[in-house]
Every structure is written in C-alpha cells, then in structure tokens.
Amino acid sequence: MKLALRKIRLLVHLLHGMWVVATRFPKATVQQRDALNRAWSLRFLQLAGMRLVVHNDAARLDEGVLVVSNHISWIDIYVINAWRPTRFVSKAEVRQWPVVGWLAEQLGTVFLQREKRSDAKRIMHELADHLVAGHAICVFPEGTTSDGRELLPFHANLFQATVSASRPVQPICLYYEDAHGNQSTAPAYIDDLSLGESLDALLRGAPLTAHVYVCDPLAPGAERRVLAAEAQAAVQQALDRLQPVTARPAREAVGVQPPEPRVDVPHASHAGDAPAANGPLTQ
C-alpha cells in the first residue's frame, strides 16, 4: 500500500477517535472507556503495520500501580494502551498540539512543565493521589527517547509518588522487531527527526512486531532512588531476554534467560470504535 494512502487511513482513524471521545465518552463507564481506548489503539497499530506480542502478562497489575517503561517513540503510548489503557505523564507542550493535545487532555494525561523545578513536586502529589484512587499511571523515567538498543539512566523523582502512596511499581520493557527477527530502530523518535519523518520511517519499516515484556511488580520502598535502580535493572533484564545475543552492545550475554512464553494480541474486531491514545509524550 502506498505510503500516502496509509497516512490518510491513520489520519481518518485519529479523527474518528476524536468523534468517539466527544460523543461516547461522556456517557461511558471507566471500563467502557478503557475498552474503547484499547480497541482503538490495537487498530492504530494494525494500520501502522504492527502487531502486538505480550510476555509474562500474568504479572500485570491493573489498579493503583505506577507503570515505568523504556521510551523509544511516540508510538510507545499506543502500544501500551493496546496492552492495557493507562494514564500518562506528558510534557506540557503536548497540550497545545492540534488534535493530539485535546485527546491527551480528555484521556486524563498529567502534564508536566519540565522547565519548572517546582512543578515536579505538584506532579508527584497529583500522581500519588491517582495511585491512591486506584488508577494506573505510566511514566518514562529515562526522560527522553532512545533507539531502544540500550537503556538510559532512570530518573528517580517521579518514583516518590509510589513511596508516598505506598503503591507498587510495574516495570515493562518495549522492544520492536522487524520482519527478519532483528531489533528494529525504525520507530525511534530521536535526534532531529520531525514527527512526520518519524512516521515515514515507521511505516517504511513495517511489518513490525511490538513486544511488551511485563516485569514482576516492585513493592513500594522507603527510598525512590532504590526503586528507580530496581526498576531499571528489571527493564534491562527484560531487554536482554528480548534482544538477540549478537545485538546486545557492550553487555555480557552469559546467563541471560530465554524469553518467557508470549501471547499474540489479536487486533480489534471493530475498527475505529475507540478513542485515540494519549499522544506523543516526553521526548
């Protein structure tokens, strides 16, 4: 299918998501909203030439949990919402983006003004309140995107929310695979790429498989830095499981376990029935 046609189909799907949010969300229950969100996100991945595979999903927590993930691309949000809809923490600029910003706000995104140190404290209290209320919140503690081959250091600030709320942390690892079974960097939204250039690279790299490895949850501790280090170690171990041995740069592969049994997630049966995911997050 020509690249331009695929882009048009994605745009139509995005606009349909706006219509669903505006007309169906006001009367929908939380569970119904989540189902609509997940169905829409699965369809988005399908239109982008991507399928979803989830590993170790039995470890998943659904309420009052801080989900922390490595961050590769704007499409990470759609992958996570296709796995299990959640709220996200986003840079404040996203709120001003056409279409996506409005959708992000409607779907409960927590916006962070990164240039203001004082805003971190406000966000921490807001996240703690969400966790106590039983919501799942997702953050990207690397603070920026990478090509996915190696992790960047996890920042500890937002982990304070789980300490304050006494709620667990669920690390997850995202990994993109090409049609030949190799790790793909096509989805990576890095350096000086524009959003349009990133979309072109992703579509040209298709077909792709998006892997979500669900790590065992971490009990809330008394120190956020310890939690951040434990979460980073868990995501690193999951990345080692998913990467081919030859693709692990500058790391020792001895003792790495094979991947857990995986579950292919079927695409949504009703295309376009649900709202857009929360949109691109922290870059």
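The values are calculated or read from the model by the stated rules, or taken from the named source; none is laboratory data. Owing to the predicted nature of the structure, the values given are computational and were not obtained by experimental measurement. Methodologically, a virtual Cβ is constructed for each residue, glycine included, from the backbone with ideal geometry; neighbour enumeration extends over all protein chains shown.
Whenever a residue of region 172-193 is at positive phi, its partners that are surrounded by fewer than 15 Cβ atoms within 10 Å (Cβ to Cβ), lying with C-beta atoms within less than 8 angstrom and at least six residues away or across chains, give the pairs Gly181/Pro244.
Residues in region 113-123: is at least one acidic (Asp, Glu) and within 16 Å of the chain's Cα centre (by Cα)?
Kept after step one, since they are acidic (Asp, Glu), are these residues of region 113-123: 115, 119.
Now narrow it down to the ones that are within 16 Å of the chain's Cα centre (by Cα): none.
No, there is no match, as no residue in region 113-123 is acidic (Asp, Glu) and within 16 Å of the chain's Cα centre (by Cα).
Evaluation of His130 against the conditions (1) outside any helix (DSSP H, G or I); (2) buried (at least 17 other Cβ atoms within 10 Å of the Cβ) shows that the sole unmet condition is (1).
Could you list all residues from region 156-183 that are surrounded by fewer than 23 Cβ atoms within 10 Å (Cβ to Cβ), outside any strand (DSSP E or B) and of a type outside the set (Val, Ile, Thr)? Correct list: Ala156, Asn157, Gln160, Ser164, Ala165, Ser166, Pro168, Asp178, Ala179, His180, Gly181, Asn182. Condition (residue is outside any loop (DSSP other than H, G, I, E, B), touching a residue at least 24 places away in the same chain (Cβ under 8 Å) and closer than 26 Å to Val30 by Cα) applied to region 138-155: is it met by at least one residue? Yes - at least one qualifying residue is present in region 138-155. Checking each residue in region 73-87 for being hydrophobic (A, V, I, L, M, F, W, C) and in contact with a helix residue (DSSP H, G or I) (Cβ under 6 Å, 6 or more places away or on another chain) picks out only Ala82. Total residues in region 206-223 satisfying the condition of being at pLDDT below 95 and touching a Phe, Trp or Tyr at 6+ places or on another chain (Cβ under 8 Å): the figure is 0.
Please specify each residue of region 194-222 satisfying the condition of being farther than 14 Å from Thr162 by Cα and assigned to a loop (DSSP other than H, G, I, E, B). Residues satisfying the conditions are Ser194, Ala206, Pro207, Cys215, Asp216.
Can you spot a residue in region 41-55 that is free of Cβ contacts under 8 Å to residues at least 40 places away in the same chain, in a helix (DSSP H, G or I) and basic (Lys, Arg)?
Taking region 41-55 and keeping what is free of Cβ contacts under 8 Å to residues at least 40 places away in the same chain, we get none.
No, every residue in region 41-55 fails to be free of Cβ contacts under 8 Å to residues at least 40 places away in the same chain, in a helix (DSSP H, G or I) and basic (Lys, Arg).
Considering region 7-40, the residues that are farther than 11 Å from Leu103 by Cβ and among the polar types (S, T, N, Q) include one that is surrounded by the most Cβ atoms within 10 Å (Cβ to Cβ), namely Gln32. Considering region 72-100, the residues that are in a helix (DSSP H, G or I) and modelled with pLDDT of 80 or more include one that is nearest to Ile172 (Cα to Cα), namely Ile80. Restricting region 46-100 to residues that are under 18 Å from Ser198 (Cα atoms) and among the small types (Gly, Ala, Ser) leaves a set whose member that is surrounded by the fewest Cβ atoms within 10 Å (Cβ to Cβ) is Gly49.
Filtering region 70-92 to residues that are among the charged types (D, E, K, R) and touching a Lys or Arg at 6+ places or on another chain (Cβ under 8 Å) leaves Arg84, Lys91. The residues of region 223-246 that are among the polar types (S, T, N, Q), in a helix (DSSP H, G or I) and either in contact with a Ser or Thr (Cβ under 6 Å, 6 or more places away or on another chain) or over 14 Å from Glu142 (Cα atoms) (or both), listed by number, are Gln237, Thr246.
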